[in-house]
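Visitor: First the structure, then my questions, so here it is.
The values are calculated or read from the model by the stated rules, or taken from the named source; none is laboratory data. If you're wondering where the values come from, they're calculated on a predicted model, not measured in any experiment. All Cβ positions, glycine included, derive from the backbone under ideal geometry; neighbour counts span all protein chains shown. The area values use the complete protein model at the heavy-atom level, side chains included, leaving out ligands, DNA and RNA. Shrake-Rupley method; radii C 1.70, N 1.55, O 1.52, S 1.80 Å.
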Amino acid sequence: MGERKESDSRKLLRRLRDVLGMPDHGQDRLDRITHIIADSMGTEVCSIYLFRDPETLELCATEGLKKEAVHKTRMKLGEGLVGRVARLGQPVNTANAPAEKGFRFMPETGEEIYSSFLGVPIQRVGERLGVLVLQSKDARIYTEDDIDAIEVVAMVLAEMAELGAFGGDNGLALHRQPIMFRGTCGQEGAAEGHVWLHEPRVVVTNPVADDPLTEIDRIREAVGELRVSVDDLLAAESLDKEQKAVLEAYRMFAHSRGWLRRMEEDIQRGLSAEAAVEKEQSTARNRLEQVEDAYLRERLHDLDDLSNRLLRILTGQGRDTGAAMPEDPVLVARNIGPAELLDYGRRLKGVVLEEGSVGSHAAVVARALAIPMVIHAKGIITDALNGNAILVDGDQGIVHLRPEETISRSFRDKIAMQAEAQKRYASLRDLPALTTDGARVELLMNAGLMADLPSLVGSGAEGVGLFRTELQFLIRNKMPQRSELATLYARVMDAAKGRPVAFRTLDIGSDKVLPYMKPNDEPNPAMGWRAIRVGLDKPGVLRMQLQALLRASGGRDLHVMFPFISEFGEFKAARSHVLREIHREKSLGHTVPKDLKIGAMLETPSLAFAPDEFFRLADFISIGGNDLKQFFFAADRENERVRKRYDVLNVSFLELIDHIVRRCAPFGTKLSYCGEDAGRPIEALAFAAMGLRVLSMRPASIGPVKALLRVADLGAARAAMDAARERGEENVRGALMDYLAGLKL
Ligand code: PEP
Ligand code: MG
């Protein structure tokens with residue numbers, strides 16, 4: 001770019017900035033801006049189209065087209081050349097617009113006399129705001145320099161829009177319109193509150209700068225600081241391979257000459273250092289939307305993170321913007337780690353993530369805290385502002401940002417109904433789950449975090465049927481020590497006040513990867529080196545954990561169970577580790593548990609067919625239905641497409657349950673079910689009718705399950721299920737629903 005052009009560009013930006021300083025209305029500003037741009041770029045037409053809603057663009061100001069068309073001409077995203085620019089997020093440059101594929105003639109604008117067309121998106125870090133268009137009669141093709149210059153102008157317009165320069169009277173209502181996001185359920189429940197951004201966006205108040213040399217100094221200095229900080233991070237010990245790889249990628253970007261050069265060029269054209277960073281960030285976000293390749297997407301995310309860091313260095317704006325957290329915060333984030341989420345704790349009314357997964361640790365924590373959570377809410381971090389009203393419907397996986405009053409009202413009704421039901425459940429808290437035909441079902445809760453413990457009293461659980469010990473390992477960044485674990489387990493037992501707690505030994509591998517352990521690149525981790533397989537192959541951690549449990553019990557009763565036992569031999573081997581540790585504790589003079597029960601989780605179909613000896617030796621067996629279902633139906637529990645495809649009320653699965661019940665019976669082996677399905681009332685009824693007398697579930701499910709069991713007759717439910725089977729039905733849900741419909745509730 002020549003010297004002359006650079007100064008032209010700077011002059012143009014300065015004129016635009018001056019418009020910002022005038023006390024005009026939004027529309028007057030837009031009109032002035034189109035005039036200035038057309039004048040400066042030497043074109044007959046300059047028009048600004050802005051999004052009216054996420055699907056519709058509206059002509060909001062023009063120099064050169066007919067004024068009557070302003071606020072009248074509209075097009076859908078993807079429609080015509082303007083719509084194409086908006087959809088692609090990329091410039092369209094043509095000398096003969098009417099001949100272009102997709103050209104749409106808008107007679108009211110009078111544009112038929114203009115041949116050349118250059119449209120560039122007006123966007124700011126992934127947020128599409130509109131399209132800036134230049135047109136002229138002569139069939140000219142705009143040069144690369146023209147495009148670069150006009151992109152810089154569009155960037156400034158985007159920043160001005162963000163600052164509210166165009167007001168709400170021109171159709172542009174940034175961060176003001178109600179928007180609905182359709183995501184995936186992370187944790188059920190409904191919540192109303194106000195947005196709290198985990199990473200508040202950086203506010204750039206000065207998109208245009210007068211002195212490029214100063215700005216170039218600033219950006220160089222900031223990039224220098226960024227490089228040092230990444231190098232420092234890399235020098236830290238205790239990085240695993242994966243963290244190192246991410247930081248290496250950060251370093252590569254931070255040292256990339258192209259990145260810095262492009263930002264410096266934009267500064268030469270008149271942008272401030274901050275706006276230049278944002279422009280690069282916008283480009284990266286755009287590409288992010290287009291690339292499918294997972295690796296490339298990750299790298300673009302890295303670049304995005306790095307841009308944020310750079311902006312924070314330049315603006316001095318940290319994560320803490322000084323804004324006060326609302327009374328009813330709903331956390332909005334791209335993603336969040338389990339430890340960070342725990343830090344927020346129960347203060348949060350809801351959580352909305354752009355990414356995340358159902359099995360992620362953050363989802364596990366949200367579940368433990370019973371905070372409604374929606375994941376995969378694409379685009380929410382760009383749209384949400386701190387303090388915006390927000391509704392989270394965890395059941396449907398839907399989020400309403402800045403909702404209309406009618407939506408809020410019906411949502412409040414839903415919350416009130418849920419609260420009403422909770423009250424009803426609370427009144428049953430101290431009553432047993434006794435069916436009308438006199439069967440007593442023990443309802444236990446699943447837990448794994450200290451945050452779960454208060455629920456032991458509140459939910460009416462008769463104990464903890466599954467304590468997932470790995471969560472304590474997952475939320476730390478280094479391996480916990482034996483003494484720490486012993487203290488923790490003792491606190492759990494204290495909180496249980498004599499109620500039984502089944503501690504499951506570490507179940508890592510599969511989706512649960514410890515941040516401080518070398519990840520194994522396995523083609524199919526759910527069926528890989530996980531849980532007891534790791535424990536038996538590398539018994540150091542298992543033994544340490546068993547010692548911690550024995551010490552924590554301090555002479556109380558202790559229930560230990562092993563995850564993912566696939567064959568009898570594994571159970572025997574795991575059990576002998578416990579016996580050895582008991583022996584060791586005794587020889588050290590420590591007290592050992594008064595009563596020790598050693599159990600296994602039945603999570604693979606194979607164990608249902610183990611020798612009788614297994615059922616005799618196991619003190620108790622807990623069906624890990626989440627895994628058992630995934631292996632029985634060969635349907636990945638983490639895969640959204642197949643996760644819900646099969647049902648435990650399918651007669652094949654029930655046949656397996658029946659088989660397990662019959663295998664346990666002769667030996668009096670206590671059998672429970674602790675997968676998610678135990679917490680669903682109809683499924684729970686079916687399991688009870690099959691003969692299961694212990695169900696372990698999330699604390700929030702105990703009330704609904706108990707309420708149903710107390711009005712049900714297991715004999716009648718079983719008869720309805722059997723009749724359905726005899727009729728050749730593949731699933732007994734319908735039969736159970738019919739049975740329930742006939743109950744006078
Ligand atoms: C299960 O598999 O059903 C289970 C309870 O264990 P997790 O969900 O922790 O794998
Ligand atoms: Mg499992």
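Visitor: Filter region 117-142 for residues that are in contact (Cβ under 8 Å) with a residue 60 or more places away in the chain and either of a type in the set (Gly, Ala, Ser) or over 30 Å from Asp383 (Cα atoms) (or both); which is surrounded by the fewest Cβ atoms within 10 Å (Cβ to Cβ)?
Guide: Lys137
Visitor: Does Ala618 satisfy the criteria of being more than 15 Å from ligand 1 (Cβ to nearest atom) and at pLDDT 95 or above?
Guide: Yes, satisfied.
Visitor: Something else now. Kindly establish whether Arg476 is over 30 Å from Phe632 (Cα atoms), open to solvent by 70 Å² or more (accessible area, probe 1.4 Å) and more than 13 Å from ligand 1 (Cβ to nearest atom).
Guide: no
Visitor: For region 657-676, which positions are at pLDDT 95 or above, in contact with a helix residue (DSSP H, G or I) (Cβ under 7 Å, 6 or more places away or on another chain) and open to solvent by 10 Å² or more (accessible area, probe 1.4 Å)?
Guide: Result: His659, Arg663, Phe667, Thr669, Leu671.
Visitor: Can you give me the number of residues within region 681-701 that are modelled with pLDDT under 95 and more than 16 Å from ligand 2 (Cβ to nearest atom)?
Guide: Going through region 681-701 one residue at a time, the tally reaches 3.
Visitor: When Ser483 is evaluated against the numbered criteria (1) open to solvent by 10 Å² or more (accessible area, probe 1.4 Å); (2) more than 28 Å from Lys518 (Cα to Cα); (3) polar (S, T, N, Q), which criterion, by number, is the only one it fails?
Guide: Condition not satisfied by Ser483: (2).
Visitor: Going through Glu522, Glu570 one at a time, which residue ends up being outside any helix (DSSP H, G or I) and out of contact with any strand residue (DSSP E or B) (no Cβ under 7 Å at 6 or more places or on another chain)?
Guide: Going through Glu522, Glu570 in turn, just one is outside any helix (DSSP H, G or I) and out of contact with any strand residue (DSSP E or B) (no Cβ under 7 Å at 6 or more places or on another chain): Glu522.
Visitor: For region 628-660, which positions are among the aromatic types (Phe, Trp, Tyr) and within 16 Å of ligand 2 (Cβ to nearest atom)?
Guide: Phe631, Phe632, Phe633, Phe653
Visitor: Shifting gears a bit: Within region 586-607, can you find the residues that are crowded, with 18+ Cβ neighbours inside 10 Å and either of a type outside the set (Asp, Glu) or more than 16 Å from ligand 1 (Cβ to nearest atom) (or both)? Walk me through how you get there before you give the answer.
Guide: Residues of region 586-607 crowded, with 18+ Cβ neighbours inside 10 Å: 593, 598-604, 607.
Passing the criteria: Pro593, Ile598, Gly599, Ala600, Met601, Leu602, Thr604, Leu607.
Visitor: Would you pick out the residues in region 614-652 that are of a type in the set (A, V, I, L, M, F, W, C), buried (at least 22 other Cβ atoms within 10 Å of the Cβ) and either touching an Asp or Glu at 6+ places or on another chain (Cβ under 9 Å) or not assigned by TED's automatic domain parsing to the domain that holds Ile682 (or both)?
Guide: Taking region 614-652 and keeping what is of a type in the set (A, V, I, L, M, F, W, C), we get 614-615, 617-618, 620-621, 623, 628, 631-635, 642, 648-649, 651.
Right, trim to buried (at least 22 other Cβ atoms within 10 Å of the Cβ) and you get 614-615, 618, 621, 623, 628, 648-649.
Scanning region 614-652 gives Phe614, Ile623, Leu628, Val648, Leu649.
Visitor: Next question, about the same structure. Can you report the number of residues in region 607-627 which are within 13 Å of ligand 2 (Cβ to nearest atom), in a helix (DSSP H, G or I) and out of contact with any helix residue (DSSP H, G or I) (no Cβ under 7 Å at 6 or more places or on another chain)? So that I can check it myself, show each step before the final result.
Guide: Within region 607-627, the subset within 13 Å of ligand 2 (Cβ to nearest atom) is 607, 622-627.
Now narrow it down to the ones that are in a helix (DSSP H, G or I): 607, 625-627.
Next cut, out of contact with any helix residue (DSSP H, G or I) (no Cβ under 7 Å at 6 or more places or on another chain) only: 607, 627.
Residues in region 607-627 being within 13 Å of ligand 2 (Cβ to nearest atom), in a helix (DSSP H, G or I) and out of contact with any helix residue (DSSP H, G or I) (no Cβ under 7 Å at 6 or more places or on another chain): 2 in total.
Visitor: Among what's in region 535-560 and is in a strand (DSSP E or B) and in contact with a Phe, Trp or Tyr (Cβ under 7 Å, 6 or more places away or on another chain), pick the residue that is farthest from Phe609 (Cα to Cα). Break it down stepwise before answering.
Guide: Initial filter on region 535-560 (in a strand (DSSP E or B)): 558-560.
If we keep only those that are in contact with a Phe, Trp or Tyr (Cβ under 7 Å, 6 or more places away or on another chain) as well, we get 559-560.
Details: His559: 24, Val560: 22 Å.
Selected residue: His559.
Visitor: Quick one: what pairs do we get from region 611-638, first residue without any contact (Cβ under 8 Å) to a residue 24 or more places away in the chain and more than 30 Å from Leu558 (Cα to Cα), second open to solvent by less than 70 Å² (accessible area, probe 1.4 Å) and more than 8 Å from ligand 1 (Cβ to nearest atom), C-beta under 6 Å, 6+ apart or different chains?
Guide: Once the first residue is without any contact (Cβ under 8 Å) to a residue 24 or more places away in the chain and more than 30 Å from Leu558 (Cα to Cα) and sits in region 611-638, its partners that are open to solvent by less than 70 Å² (accessible area, probe 1.4 Å) and more than 8 Å from ligand 1 (Cβ to nearest atom) give Ala635/Val642.
Visitor: Check region 374-381 and report whether any residue there is crowded, with 17+ Cβ neighbours inside 10 Å and over 23 Å from the mean Cα position of the chain (by Cα).
Guide: Checking region 374-381: not a single residue is crowded, with 17+ Cβ neighbours inside 10 Å and over 23 Å from the mean Cα position of the chain (by Cα).
Visitor: Next question, about the same structure. Conditions: (1) buried (at least 18 other Cβ atoms within 10 Å of the Cβ); (2) under 32 Å from the mean Cα position of the chain (by Cα); (3) among the acidic types (Asp, Glu). Asp232 meets all but one. Number of the miss?
Guide: (1)
Visitor: Among the residues of region 533-574 satisfying the criterion of being polar (S, T, N, Q) and open to solvent by 10 Å² or more (accessible area, probe 1.4 Å), which is nearest to ligand 1 (Cβ to nearest atom)?
Guide: Of everything passing the filter in region 533-574, Ser566 is nearest to ligand 1 (Cβ to nearest atom).
Visitor: To continue, here is another question. Take region 117-143 and flag every residue that is under 17 Å from Val156 (Cβ atoms) and more than 40 Å from the chain's Cα centre (by Cα).
Guide: Answer for region 117-143, where residues must be under 17 Å from Val156 (Cβ atoms) and more than 40 Å from the chain's Cα centre (by Cα): just Leu134.
Visitor: Read through the list (1) open to solvent by 10 Å² or more (accessible area, probe 1.4 Å); (2) more than 27 Å from the chain's Cα centre (by Cα), then give the number of the only condition that Arg698 fails.
Guide: Just one mismatch for Arg698, condition (2).
Visitor: Among Ala496, Ala447, Ala433, Ala439, which is the only one that is open to solvent by less than 20 Å² (accessible area, probe 1.4 Å), within 16 Å of ligand 1 (Cβ to nearest atom) and of a type outside the set (Lys, Arg)?
Guide: When all the criteria are applied, what remains is Ala447.
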